[in-house]
Every structure is written in structure tokens, then in C-alpha cells.
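Participant: This is the structure I have questions about; it appears just below.
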Amino acid sequence: MKQIFIQTEPADLLGKAAQYKKDGYRMVQILCTRVPEGYELTYSFDKDYVMENLRVIVPLDGSVMSVTSQYWYAFVWENEIHDLFGLKVEFIAPEVDYGGKFFQLVKPMPWHELSNAKQPAAAVKVNLRPGMGVDATVKPAAAQPGTAAPKPAAPAAKPGEGGK
């Protein structure tokens, strides 16, 4: 599979999505993440084992046009992005615009603030082996200079051994 990333302006997104639809591409996903500039969105389209990804940077106070007029099922991703990040998605098809109530959340827009972002404590290495499935191994984080490596936990006592 070949992947291509194309930097796109928010104003050009809907027109490009319409062209992908016309050219017979299927929409694979919409990904959103918080970046210092605001939001980074990746719209992925696939046809004949070629995946083209439109990469859009939207300012924190900006918005993006809905692509539901071209790919109706995009409403799931767009509502999710609105609820979790607080990014305004303009003109989602009215019958599927949940208006910020797609998810029942304890905290509104939990991924809106970049200051709460935390780096993972361990990296995950994924080895793809033909016929064997996926092997996902968690590697412990490297010890910082001048600190001791964490000690493994002591084995639990068996019933009847050293317990009360």
C-alpha cells in the first residue's frame, strides 16, 4: 500500500473531499489531535491500495467544514471531534449533528487543553509476522541518567505461606 500526505488549507477541504468522491475514493478515517497551533486533522481516502491523506491545521479558535455532504458516514468522526476536542465542525448534516451530545462525558472537551498532555511511560513496539498475527510488546522506559532502574515487584505470597 502506498500512502501520500498532502498539506491542505481548511478552506480547500470540502472541495478536495468532493473530488475524491467523484474519483471513486472511499473515506477511511478522520483523525484529530491537539498541536500547539490548534488542531491537526488527517482525512484519509483510499482507492486501489493508494491512501491519500489530507493534513489540515486549524487554529484553536477556527472551524472546519463538514464533509458529510460527500461522505455521509463522516458524521461519526465529526461529532466525536467536536465533543472530545471542542473543534467546531460547520454544517454537519442536520439529521446527524448531535450538537455536542454525541458522547456522555464526565468532563466536556477532555482533549481541548494541550497543557494536560502527557507522554506515555512506555513505547509499544508492534511486530507484524506473516501468519502469526500481531505481537505488541511493551518496552520499559529507559532509566534516566543518575537514577536506578525500577525494581521488579515481589511475588505474591501463596495461600498458607507467610500470610495471616
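FYI, it's all coordinate maths here, none of it is from the lab. On a predicted model such as this, the values are computed, not experimentally measured, just so you know. All Cβ positions, even for glycine, are placed from backbone atoms using ideal geometry, and neighbour counts span all protein chains on display.
Participant: I want the local charge near residue 81. Using Cβ-Cβ distances under 13 Å, sum +1 for each Lys or Arg and -1 for each Asp or Glu among the other residues.
Facilitator: Surrounding charge for residue 81 is -4.
Participant: Something else: Once both labels are modelled 7 Å past Cα along the beta-carbon direction, what's the residue 105-residue 26 spacing in nm?
Facilitator: Result: 3.0 nm between the two label points.
Participant: Roughly how many whole Å is it from the C-alpha centroid of the range 25-74 to that of the range 1-21?
Facilitator: Taking the Cα centre of each part, the range 25-74 and the range 1-21 sit 8 Å apart.
Participant: Assuming R0 = 30 Å, can you tell me the calculated FRET efficiency for the pair residue 47 and residue 69, based on Cβ-Cβ distance, to the nearest 0.05? Present the calculation step by step, with values, prior to reporting the outcome.
Facilitator: Numbers: r = 20 Å, r/R0 = 0.65.
In this case the efficiency is close to 0.95.
Participant: Follow-up question, since we're still on this one. Compute the FRET efficiency between residue 112 and residue 3 as 1/(1 + (r/R0)^6), taking r as their Cβ-Cβ distance and R0 = 30 Å, and round to the nearest 0.05.
Facilitator: Values: r = 29 Å, r/R0 = 0.95.
So, using R0 = 30 Å, E works out to roughly 0.55.
Participant: Here's a follow-up. Compute the FRET efficiency between residue 11 and residue 96 as 1/(1 + (r/R0)^6), taking r as their Cβ-Cβ distance and R0 = 22 Å, and round to the nearest 0.05. Write out the running numbers ahead of the final one.
Facilitator: Values: r = 23 Å, r/R0 = 1.06.
The value I calculate is 0.40.
Participant: Follow-up. Note down the net charge around residue 97, summing +1 for each Lys or Arg and -1 for each Asp or Glu among other residues with Cβ under 14 Å from its Cβ. Don't skip to the end; give the middle numbers.
Facilitator: Numbers: positive: 88, 101; negative: 78, 80, 83, 90, 95.
Around residue 97, the charge tally is -3.
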